[in-house]
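Encoded as structure tokens, the structure appears first; notes follow it.
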Amino acid sequence: MNIATKFTPHKIPTKDVSLDDKYLSDDGTAYMTGIQAMVRLPLAQTRRDTLNGYHTAGFISGYRGSPVGNYDNFLWQVEGILKDHHVVFQPGVNEDLAATAIWGTQQANLTGQGKYDGVTAWWYGKGPGVDRSGDVFRHANLAGTSELGGVVAFFGDDHSCKSSTVPHQSEHVMIGCGIPIFYPTSIQQILDLGVHAIAMSRFAGVWTSMKLVSEIVETSASVHVDLDRITPLLPQNVQMPEDGVNIRWPDHGIQQEERLYKYRLPAVLAYARENELNQVTWHCPDARIGIVASGKGYLDTIEALRILGIEGETAEQLGLRVYQVALIWPLEPQGLHEFAEGLEELIVVEEKRPILEAQIKDELYALPDGKRPRIIGKACDGKGEWSTSIDEAPLIGHYEFQPEPIAKMLAARFLKLDIPESLKTHIQSKIELLQKAEQASQHVLDIAERKPFFCSGCPHNSSTKLPEGSRALGGIGCHYIAVLQNHGTETFSQMGGEGVSWAGASHFTNEKHIFANLGDGTYFHSGYLAIRQAIAAKLNMTYKILYNDAVAMTGGQHVDGHLSVAQLTRQLDAEGITKQVIVTDEPELIHAEEGIASHVEIYHRNELDDVQRKLREISGVTALIYVQTCASEKRRRRKRNAYPDVAERVFINSEICEGCGDCSKKSNCLSIEPIETALGTKRQINQSSCNKDFSCVEGFCPSFVTVHTRDIKRPEVFKGIEAGWPEKPIIPELDQQPIRIMVGGIGGTGVVTAGALLGMAAHLENKAARIMDMAGLAQKGGTVYSYIQLATEDDQISATKIPAGQCDVLIGADAIVAGSNAALSRLKADAVVIVNEDGSPTSTFLESRDWYAPITDLIQRLRGRTTQGKLISLPVTRIATQVLGDAIFANQILLGMAWQAGQIPLKRESIEKAIHLNGTATEKNLEAFRIGCHLISNPDLIKNIIATIPTTRKPTTLAELVEDRSARLVEYWNDDYATQYRNLAEQAAKVLPEELAETIATQLYRVMAYKDEYEVARLLTGKSFKQSIEAQFGQGLRLTYHLAPPALGAHGAIRKRAFGYWMRIPMMILGRLQWLRETFLDPFALQQERQKEHAWRDRYIAFVKAISSAPEKYDLSVAEKIAQLPADVRGFGHVKMQAMETAIQRWDQLSLSLRKADQ
């Protein structure tokens, strides 16, 4: 591990930077992401043209989608800069219409009316957008580009299906359209190849394209931005037609095709040759074996060679030569022949289906036997791709590659060569280490998993619910998460095909009706036609159209045009929809909107189930428009004061809460979290992550109150932290190997920010950095990693992900993520791990009400992995909340700890400056970082802070348990009732095994302390509840209670009602009338629910008396199961009654074997 043994003696200067440098600076270096490099390219091209005396403009259009999902957001952020550069950003309604607009930019000067010398145009979209745009790509590329225009199509491919419904590879579409393909390996190459792409497009009159994968475009790095870094060379003596190769009118398709294949593509190859786009990066004069790779595959290959210890001298011994291909189609032949000369074997490393391999085989096939190398890739031993079996194939043709399997494949090929014995031993030893690590990893199974899930308060949480007996077809984007939940949403389609599969299936099934999920963004993109198809096919189905005013999956963008609720209803009405209704959380706003189509009915979202039941009985195509703003977008807008922030917060009275989980079922919200109390696991609201959806209040439970305040109470300033900064640690020095840091946490909590800060800090110190964020669909509450690699030189960093066994430091913002096999497998044995031991629920908690994050086991796994390193665990979430008032600052505290522990090779001043440049909650983030430094410098500080956090003491012995519960029953009713409990519990403790006696003591209290109206009123007006409200929100606040009084018929409608603060007085009176309980004056005693609770209690008491009086007559293992049954009888009203009925049936079954056979 790279840890220094002395202080760096000289001060490292930090450069003056601006966040606009990445777009405006044309000198030196700038720090940027791959997406920001895409933003820079059109701007820099305009400046380059100006220097060359051309008056050009730019045009950008496309449609968002991972890994280029945030491109439009970044473009909107620099709207003024775009305008200054005569660059127009006009997002497309969908990808093919955007491509058509791009085509139009090259036609601007055809009539002689153009305002500019030319327009450079940039299309963007992900793989499915390439598929749907194939027709326009073909037309536009055949037509050509203008002489001073040019087109580049950025296409994002998701090889591993992390943010898509299916994995994707788009090269074949581009090849079919005759569009050259660039494949960069880094952000620097995005910039460099972008210059070449435009120059090639102009010179050869073709569209060009650039393949982007997340491992390249979703990274960050310092790059050179000098305009003269790349000077395109235009080849001479290239055969061209007399009228040139650029766009013209009129022009016939036959002539266009001839021009493309006879002149344009040969011109592309000439340009590639002249500018040496494909280069030998590892030279060896007497090479015997060569490797050809491009893009991500090239980076993985270099890392694989380093895993094998092959670099420099060992590469010379092996006779290895490496060829990096930047233009992967068409493959420039002359450079390939020069590279292949003298090779015995040529290995092609590329993900997915072969592109380079097929061209290489085609080009080298005619070489004489003695000069033609063996081609190894998806095939080997002289076979073709399809005659090579899966088991024989050196490299797979699906999913994605990692350096480790490439290393094993390369080692297998190298060891077949006649190489020195010492080199063979060296390679074999490296492979043995790799195999040993893989075997160890295979034996480690994840004990918890953090899957992507809807954000807290997300409208999808409610809108995707279905009535019993119905099924829905899945949508794309956030709707796709519903498919993962197994709640009745099944299968999916391509974007714009939502629900249309029913047009085929409906003829051949007995199923009469189906629901189909569709988002407003997809509707605007292409889903409108799906509805038209369904109507034309006379289907029986209901489209559930979520109008959430944002394209949530890719960053909260609006639809690319105007679409109001009223407009949506009129469009559907015009199409002939049979019936449409609107369901919303704010019906009053919809009623106030003008232009709603006639006969559209409006309902509150509480009535969603009833509405859906009615719609499924209607013949024809119906529509349910669910109107609720995206929760994440609400939060963003509230921060900008662009959305009302209602002065309300929900709070759960944990003394009333039974932990039944009905609130989680009603809301599907992960801001409802478990909290341990003296009476077991209850529920609490995470006020930091809550987006104020309030659907949890619909859980059939009186523990919920609304507190009328906007903010939570700021904590008192913790005075135990020294002012200023602690003494600086020993800063690790970088040598020939990069330091690799991994931050693992939950999407949306600042994991990506941590990587961005370290990357910028490294840039300020002129150090090499490569940061990669693995998020995608995981942004939605799922697993997120930031891979941070810091080095003295950029070429020391190869793979963008940290390879197995190479991570020096793990900052575990979430223990589930940090303790996963994906993280463990990357740790060095001497790694340093700093992990947050505060758990956060996963989606499993919504289904399993007693689930709890296995934090202790996860930390033990981490400790077992870092046998030679160091592990620090602490409750960072609670510390952040206690000293800074918000758990969101936990990650910055962890970052400060890692730096103070001497694990980050950067100056503190650089990190401070990066935090200032980031500009978000600067003072709080700096303070969090400073606190983290002090926590490491003064370990006692951790104990001191934790000591100030309120805790609940739980009984540790059976005697303490009985004493605690007896005291509670006195408050619940009276001394006699408590004495009855104590006598029963103590008698059981005398004659029964301790475990059974403890179960009885716990569950006997549960059945005796049933929460009737008196008890709920007492707990809602009690002193402890008032103190808990004041501790979190402050004093003197008004409350709203959410109750379901039986007198108002709530059980029939299963509906709660809100009662104002005036209700406190009646409840205070009611709470003091507990002496009426179960008397002839008790107005509640005749309720069916109360009578069942009395019978349930009395049966349990009789059971305890029976087994305590003669334990020898009973099978105590069966008695233990019966004794535990009340633990599952929780909740209120129908929720509790249903659970009780199930428990009674189970009790009756167990009773058959309770008595011993001979009794």
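Just so you know, all these numbers are worked out from the coordinates, no wet-lab data involved. None of the values given here were measured: they were computed from a predicted structure. Quick reminder, even Gly has a Cβ in these numbers, built from the backbone with ideal geometry, and neighbours come from all protein chains shown.
Just a few scattered comments:
- The modelled label-to-label distance for the pair Glu986/Ser619, using points 7 Å beyond Cα in the direction of Cβ, is 7.5 nm.
- FRET efficiency, 1/(1 + (r/R0)^6) with R0 60 Å, evaluated for Glu847 and Asp20 via beta carbons: 0.80
- Sites matching trypsin sites (Lys or Arg not before Pro) across the stretch 715-816 that sit in DSSP coil, with at most 13 neighbouring C-beta atoms within 10 Å: Lys719
- Rounded is the label for the stretch 739-947, because a/c, from the alpha-carbon gyration tensor with a ≥ b ≥ c as root eigenvalues, stays below 1.5.
- Annotation: lysines with alpha-carbon distance below 22 angstrom to Lys296 (same-chain offsets under eight excluded): Lys126, Lys162, Lys211, Lys352, Lys361, Lys378, Lys408, Lys801.
- For Arg826, distant residues with modelled amide H under 5 Å away: Gly805
- When the stretch 459-629 is described by a simple charge dipole with +1 on each Lys and Arg Cβ and -1 on each Asp and Glu Cβ, the residue from Gly477, Thr542, Asn510 located farthest towards its positive end is Asn510.
- The stretch 459-629 shape via C-alpha gyration tensor axes, a/c threshold 1.5: rounded
- Phi-based couplings in Hz for the stretch 99-107 (Karplus 6.51, -1.76, 1.60; Gly and Pro marked x): 5, 5, 5, 4, 4, x, 5, 7, 9
- For the stretch 333-347, backbone nitrogen atoms closer than 19 Å to the point 7 Å from Thr281 Cα along Cα-to-C-beta are found at 335-340, 346-347.
- Rel. contact order, % - alpha carbon contacts under 8 angstrom, at least six apart, the stretch 279-435: 27
- Square roots of five times the Cα gyration tensor eigenvalues for the stretch 25-274, Å: 25, 21, 18
- Spin-label pair Ser598-Gln1091: with each label point 7 Å from Cα along the Cα-Cβ axis, the two points sit 5.3 nm from one another.
- Here Lys728 is the anchor, and the aspartates and glutamates within straight C-alpha reach of less than 19 Å, apart from those fewer than 8 places off in the same chain, are Glu765, Glu909, Glu912, Glu927, Asp940.
- Placing +1 on each Lys and Arg Cβ and -1 on each Asp and Glu Cβ, with no other charges, gives the stretch 940-1090 a dipole about its Cα centre of roughly 780 debye.
- 3J(HN,Hα) along the stretch 589-597, derived from phi through the Karplus expression 6.51 cos²θ - 1.76 cosθ + 1.60 where θ = phi - 60°, amounts to 5, 5, 4, 7, 6, 7, x, 4, 4 Hz, with x in place of Gly and Pro.
- Charged-residue dipole, Cβ positions (Lys, Arg, Asp, Glu), the stretch 739-947 about Cα centre, Debye nearest 20: 260
- Put in line by how crowded their Cβ is, counting other Cβ atoms within 10 Å and starting with the fewest, Tyr1114, Tyr643, Tyr1100, Tyr261 read Tyr261, Tyr643, Tyr1114, Tyr1100.
- Among 941-951, 1101-1111, 646-656, sorting by the average number of other beta carbon atoms lying within 10 angstrom of each residue, highest first, gives 646-656, 1101-1111, 941-951.
- Per-residue ³J(HN,Hα) for the stretch 716-729, Karplus 6.51 cos²θ - 1.76 cosθ + 1.60, θ = phi - 60°, Hz, x for Gly and Pro: 5, 4, 6, 8, x, 9, 5, 5, x, 10, x, 4, 5, x
- Helices in the chain, meaning DSSP H runs of at least 4 residues, each add -39500 (n - 2.57). Divided by all residues, the mean residue ellipticity at 222 nm is -11500 deg cm²/dmol.
- By the rule of a C-alpha distance below 22 Å, with chain neighbours fewer than 8 residues away ignored, the lysines paired with Lys579 are Lys465, Lys512, Lys538, Lys544, Lys614.
- Secondary structure note: in the stretch 459-629, about 5% of the DSSP beta bridges are antiparallel.
- Full extension of the chain between Thr856 and Thr681 gives 61.3 nm of extra length, using 0.36 nm per residue less the Cα-Cα distance.
- Of all DSSP beta bridges in the chain, antiparallel share, percent nearest 5: 35
- Residues Ile712, Ile811, Ile1122, sorted so that the one with the fewest Cβ neighbours within 10 Å comes first: Ile712, Ile1122, Ile811
- Taking amide H positions as modeled 1.01 Å from N, with prolines and chain starts lacking one, the residues under 5 Å from Ile872 and 5 or more places away or on another chain are Val833, Ile834, Val835.
- Other residues whose C-beta falls under 14 angstrom from the C-beta of Leu862 contribute a net charge of +1, scoring Lys and Arg +1 and Asp and Glu -1.
- Cα point-scatterer Debye curve for the chain, base-10 log of I(q)/I(0) at q = 0.05, 0.09 Å⁻¹: -0.41, -1.20
- Estimated FRET transfer efficiency when R0 is 25 angstrom, pair Ala947-Glu722 (beta carbons, to 0.05): 0.90
- Loop trypsin sites (Lys or Arg not before Pro), the stretch 463-538 (other Cβ atoms within 10 Å of the site Cβ: 12 or fewer; DSSP): Lys512, Lys538
- Gyration tensor verdict on the stretch 735-847 (Cα atoms; rounded if a/c is under 1.5, prolate if a/b is larger than b/c, oblate otherwise): prolate
- The label point for Trp76 and the one for Leu433, both projected 7 Å from the Cα toward the Cβ, are 4.9 nm apart.
- Isotropically averaged projected area of the stretch 876-990, using the convex hull of Cα atoms (one quarter of hull area), nm²: 10.8
- Distant-in-sequence amide H partners of Arg374 (H built 1.01 Å from N, under 5 Å): Glu345, Leu346
- Of the chymotrypsin sites (Phe, Trp or Tyr not before Pro) found in the stretch 1005-1094, those in coil by DSSP whose Cβ has at most 12 other Cβ atoms within 10 Å are Phe1080.
- The calculated pair-distance distribution of the stretch 279-435 uses every alpha carbon pair, bins of 10 angstrom beginning at 0, and gives 11, 44, 38, 8, 0 percent.
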